[in-house]
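For reference, the structure is listed below as structure tokens.
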Amino acid sequence: YPIWWSLAIGHQYSSLGTQPILCGSIPGLVPKQLRFCRNYVEIMPSVAEGVKIGIQECQHQFRGRRWNCTTVNDNLAIFGPVLDKATRESAFVHAIASAGVAFAVTRSCAEGSATICGCDTRHKGPPGEGWKWGGCSEDVEFGSMVSREFADARENRPDARSAMNRHNNEAGRTSIIDHMHLKCKCHGLSGSCEVKTCWWSQPDF
């Protein structure tokens, strides 16, 4: 399974937001991922954050199970040998890590943390009754593209396991896209809602 998941726990990546990233120091990257890292280095902190929140959610979901998504800090294979086989647990971790990357990159772009992405400007159509477009719609398509390009890069072998991993990665991203929703803020005197400003937002992770 992906060694690059170790981005989630490596101490050397804990301050990615304030230090330049040396892409060559990230273990387990295939050449396509290395190129991606160098071309999009400013969003790599969000990729690392995405894997981290994905694993945290995995640990929350599995907290009552015999296998509870425990990570091994002194091993690049952060789950040890547990996920070497094609199991339901392996499928879930692929999906949740991929979803985490899409989510974190999308959020980071909306917050203005990177110059190569920002708000989703496609939602400029006619407003609904009593509201208008405003705020910053989160560009989940960009976040999903980053997740797809990076997470799927190593799953290029013509075998069933790679196909399964790609399928699970995509399932994770789709879950974020499918739960996008309209978020609104009221404007008016004394908190009245004469006009609402609305934008597309991701669900809570």
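Out of R88, R107, report the one residue that is modelled with pLDDT of 90 or more and of a type outside the set (A, V, I, L, M).
Working: R88 fails: modelled with pLDDT of 90 or more.
One residue alone meets the criteria, R107.
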Restricting the stretch 106-115 to residues that are touching a residue at least 60 places away in the same chain (Cβ under 8 Å) and part of a loop (DSSP other than H, G, I, E, B), the residue that is surrounded by the most Cβ atoms within 10 Å (Cβ to Cβ) = A114
Every residue from the stretch 116-173 that is among the polar types (S, T, N, Q) and in a loop (DSSP other than H, G, I, E, B) | T121, S137, N156
In the stretch 150-188, the residues that are in contact with a helix residue (DSSP H, G or I) (Cβ under 8 Å, 6 or more places away or on another chain), modelled with pLDDT under 90 and either closer than 21 Å to S46 by Cα or not polar (S, T, N, Q) (or both) = R154, E155
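The values are calculated or read from the model by the stated rules, or taken from the named source; none is laboratory data. This is a predicted model, so every value here is computed, not measured. All Cβ positions, glycine included, derive from the backbone under ideal geometry; neighbour counts span all protein chains shown.
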